[in-house]
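What follows is a short report on a single structure.
The values are calculated or read from the model by the stated rules, or taken from the named source; none is laboratory data. Keep in mind that this is a model prediction, so the values were computed, not measured. Backbone-built Cβ (ideal geometry, glycine too); neighbour counts: all protein chains shown.
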């Protein structure tokens, strides 16, 4: 924190002031945590009978089943959305104008729609008895469109000379794409692709609303059917599972990004353009 | 067409619900996000830690879970007089504030160090540096991502419909149960969302051209 846009390295007076503010802030944060703890304790949330159900193996098994269902929806949606994204990106980069138009309309439409509205329409209209597929297809359409934009931005961010040189040595269109552009673009795109997969993972929880028995839905059922309705203990168990899964994926994205930046073999295309697409998808 | 005309009052109510939800949560999220960004760049370690934890937790929590917490947990912790609408605004604005915080922080970091150093060597105070030099430049880079975050907020507000708040998703649910063709409803709800999101992007494009400087 020595050189910063906002302030110089602090002098003696500023250091004292920062320490005082720091101590006050630490106290305020501790007071806040204590307040939350007291509230939970006063309303009896730490009473042992509320936590008892979670010691039964069949309840634990149901939580694991819910987690597996979440991961299943995520895995299917992740694979399908990457495939759809690649297809749509190829369409948007096509030399044939009509293909480009169709791909653009599809991408723009599905990116602009709230995911829940699509999933619900699919659930009621097509997959009445298979909420998994309503969820997976909804997630695929939305995230596939966003991935398509990430792919396109990545390919376009490869320096123009690369493409021109490849054409100059006589490669065909597909060869230029497969051997020259995609390998270079992948390195720049990978962090954004994984960040979008985190969004996909988070959005599987929308299955709760269309009664797909994923982690949150299962937790809700357990809490509803146990003595004393232990919603808060349930959330204290379920929330960390979600957060840790997402954090692990985000950490992977950050690691790859740092690794890509460290590598000195040729300048990777700049990630700035891809970042803009990513921000739009949050 | 009939779906829309027969249920115009319902659609209008849902549309207004979504607008209200988006506008309120957007305003709160902007304020909260800027405060959190200030925490994250402050020279005080506990505040920095608080900002970091806030952003990390909220960015990695599914919004549905957050709504679940707002609707079922907060009432038991003393917010039992709050309506679902207020709780939904709370959940949405906390979630969005984490993303806005990151946008604002990276906006501040794009201002070249030399700008601030020059300002300080001219004898400007902290407030002057911030108000006259850094914020005007940061605003320009921050505007486009904030525009897309508000559009994302509009889309996310649909989840509130799953938790007893009346907005456009609730319209879709209600009419779906009444037996109208779900895809006809879907199209009209989609149009309603498009009106809001296109409006937001138009406003931000206007702001960007207003604030742009010829270089």
Is it the case that the stretch B:62-84 has a residue that's touching a helix residue (DSSP H, G or I) at 6+ places or on another chain (Cβ under 8 Å), in contact (Cβ under 8 Å) with a residue 12 or more places away in the chain, over 20 Å from residue A:203 (Cβ atoms) and more than 14 Å from chain A (Cβ to nearest Cβ)? yes
Here the residues within the stretch B:148-180 that are more than 8 Å from every other protein chain (Cβ to nearest Cβ), touching a residue at least 12 places away in the same chain (Cβ under 8 Å), assigned to a helix (DSSP H, G or I) and over 30 Å from residue B:208 (Cα atoms) are B:160, B:163, B:170, B:171, B:174, B:175
Which condition number in (1) within 9 Å of another protein chain (Cβ to nearest Cβ); (2) closer than 26 Å to residue A:108 by Cβ; (3) over 18 Å from the mean Cα position of the chain (by Cα); (4) surrounded by 18 or more Cβ atoms within 10 Å (Cβ to Cβ) is the one that residue B:183 fails? (4)
For the stretch B:95-147 the number of residues that are free of Cβ contacts under 8 Å to residues at least 24 places away in the same chain and crowded, with 21+ Cβ neighbours inside 10 Å is 2
Might you check whether a residue that is away from every other protein chain (no Cβ under 14 Å) and not in a helix (DSSP H, G or I) occurs anywhere in the stretch B:20-36? no
Test for residue A:223: is it within 17 Å of residue B:59 (Cα to Cα), at the interface with chain B (Cβ under 9 Å from one of its Cβ atoms), at pLDDT 85 or above and surrounded by 13 or more Cβ atoms within 10 Å (Cβ to Cβ): no
Looking at (1) buried (at least 19 other Cβ atoms within 10 Å of the Cβ); (2) assigned to a loop (DSSP other than H, G, I, E, B), which is the only condition residue A:199 fails? (2)
Taking the options A:183, A:191, A:240, name whichever one is within 30 Å of residue B:152 (Cα to Cα), part of a helix (DSSP H, G or I), out of contact with any helix residue (DSSP H, G or I) (no Cβ under 9 Å at 6 or more places or on another chain) and assigned by TED's automatic domain parsing to the domain that holds residue A:120. A:240
